[in-house]
Amino acid sequence: MTEVPHPRRVFSGIQPTGGLHLGNYLGAVKRFAELQAIDAEPIYCVVDLHAITAGWAGRTQMAEDTREIAAAYLACGIDPERSILFNQSQVPVHAQLGWIFSCVARLGWMNRMTQFKDKAGKNAEKASLGLYAYPALQAADILAYHATHVPVGEDQRQHLELSRDIAIKFNNDFDAPGFFPVPEPIIEGVATRIMSLRDGSKKMSKSDPSDMSRINLTDDADTIAKKIRKAKTDPEPLSETLDGLADRPEALNLVTIYAAFSGQTPAQVMVEHGGQPFSAFKPALADLAVAKMDGIADAMRRYQSDPAEIDRILSKGADRAAELAEPVLKQTYEIVGFIPRG
Ligand code: TYM
């Protein structure tokens, strides 16, 4: 087989395990929307198969969570005409290719996954096999489309490394040089790791028990402003320069959020706001966040009030996704030597 370079193709996914927060927005969805101006037909997925690896929210909740993430994508500017937007379980190729990749990935590789260790906790014996195999399914998500570029936050870097290893090992082991591209993570911009508002050493997360630790996309203006006002900081004013924030993770996080919203670098934010007390900086940040998030919660509610329309958008997206993924699976089966149904 001759190696042909793969054309650029963007893929990314979000788990429907509860609503989205500012970290998901600044680190992922906002950038997904921006990529639509650069890339033809980026593929954005609600990864519902992944969402049952660590428990089941219940039948009704599962569907609601999936529609909520779809609504968030749409409210944040994902245009289902320009992008392919769908939920993973509608395209069986993900699970089919995921199995093959489970046979390519090595136990030693999976054992190194820090997210498995974090999510499984102390009692890893009780974790599901799916949680363990999760990154092999993630590799299938990407490679089913021969995707070459994957915008994600910093916490997905290790999973992306594994996807790369799987692509390389499949191509080697099955004697198919260059068949799967080796996908590149796009972990760019200032907001690749937004931290908790209550603890600057922990990333902002859906699973944090404190709602004050995160800004949800569904929060109204007063709630956003309150959460920023109450964000943990130290008593000192902002330093004059960015270097002065090296050991002040909470302060640095707020400056980072300001930079992400204003389209500046953190150093530029410091030129304007360096030396200010938090009593001045926090209200400036709150005003900016409220202005930039204006309309997202309302738009989400609007989309969610019409679940049939969301389902229609997802089905249409799934048809387009399947059209791309099915030939890749067919070729993969041929490469492996599986006899097709006659
Ligand atoms: P998930 O659903 O946890 O998160 C969705 C996206 O949000 C980013 N993110 C953050 N970025 C900055 N700061 C934060 N505090 C923060 N928290 C989350 C994540 O990096 C991610 O980009 N395994 C993936 C879903 C997935 C996927 C894929 C992604 C499944 N298959 C294929 C890309 C390609 C996950 O659990 O993301």
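Relative to 2.2 N^0.38 Å, what does the C-alpha radius of gyration of the chain come to as a ratio? Two decimals please.
Rounded to two decimals, the normalised Rg is 1.04.
Quick check on the chain: of the DSSP beta bridges with both residues there, what percent are antiparallel, nearest 5%?
Looking only at bridges with both residues in the chain, the antiparallel portion is about 15 percent.
To the nearest Å, what is the center-to-center distance of the stretch 271-342 and the stretch 187-233, using C-alpha atoms only?
When both Cα centres are located, 19 Å separates them.
Among the chymotrypsin sites (Phe, Trp or Tyr not before Pro) within the stretch 21-93, which fall in a DSSP loop and have no more than 13 other Cβ atoms within 10 Å of their own Cβ?
Of the chymotrypsin sites (Phe, Trp or Tyr not before Pro), the ones in loops of the stretch 21-93 whose Cβ has at most 13 other Cβ atoms within 10 Å are W56.
Given charges of +1 on the Cβ of Lys and Arg and -1 on the Cβ of Asp and Glu, with all other atoms neutral, how large is the dipole of the stretch 211-296 about its Cα centre, in debye to the nearest 20?
Dipole about the Cα centre, nearest 20: 200 debye.
Note down the magnitude of the dipole of the chain about its Cα centre, charges +1 on Lys and Arg C-beta and -1 on Asp and Glu C-beta and zero elsewhere, to the nearest 20 debye.
720
Want the number for A308 to R82: 0.36 nm per residue separation, take away the alpha-carbon distance, what's left?
Using 0.36 nm per residue and subtracting the Cα-Cα distance, I get 79.3 nm.
Return the Rg/Rh ratio of the stretch 211-296 with Cα-based radii and a Kirkwood Rh.
Dividing the radius of gyration by the Kirkwood radius yields 0.95.
Once the dipole of the chain is set up with Lys and Arg at +1 and Asp and Glu at -1 on Cβ about the Cα centre, which of L245, A259, P209 lies farthest towards its positive end?
Going by the Cα projections, it comes out as P209.
Using DSSP to call loops (not H, G, I, E or B), can you name the trypsin sites (Lys or Arg not before Pro) in the stretch 1-70 whose Cβ has at most 14 other Cβ atoms within 10 angstrom?
For trypsin sites (Lys or Arg not before Pro) across the stretch 1-70 that sit outside H, G, I, E and B with at most 14 neighbouring Cβ atoms in 10 Å, the list reads R8.
Rounded to the nearest whole Å², what accessible area per residue is found for the stretch 152-306 with the 1.4 Å probe?
Dividing the accessible area of the stretch 152-306 by its residue count gives 48 Å².
Give me the number: length gained by fully extending D319 to A37, i.e. 0.36 nm times residue separation minus the C-alpha to C-alpha distance, one decimal in nm.
The span from D319 to A37 would gain 99.2 nm if fully extended.
Ignoring ligands, DNA and RNA, please state the percent of accessible area on the chain from carbon and sulfur, probe 1.4 Å.
The value for the chain is 52 percent carbon and sulfur by accessible area.
Just order 17-24, 222-229, 104-111 by mean Cβ neighbour count inside 10 Å, highest at the front, would you?
By packing density, highest mean first, the sequence is 17-24, 222-229, 104-111.
Which longest run of the chain has no exposed loop site in it, a site being GluC sites (Glu not before Pro) in a DSSP loop with at most 15 other beta carbons within 10 Å, and the site itself not part of the run?
Here the longest run is 82-187.
The values are calculated or read from the model by the stated rules, or taken from the named source; none is laboratory data. The structure displayed is predicted, hence computed values, not measured ones. A quick note on method: Cβ atoms are made from the backbone with ideal geometry, for glycine too, and the neighbour counts reach across all protein chains shown. These area figures cover heavy atoms from the full protein model, side chains too; ligands, DNA and RNA do not enter into them. Shrake-Rupley method; radii C 1.70, N 1.55, O 1.52, S 1.80 Å.
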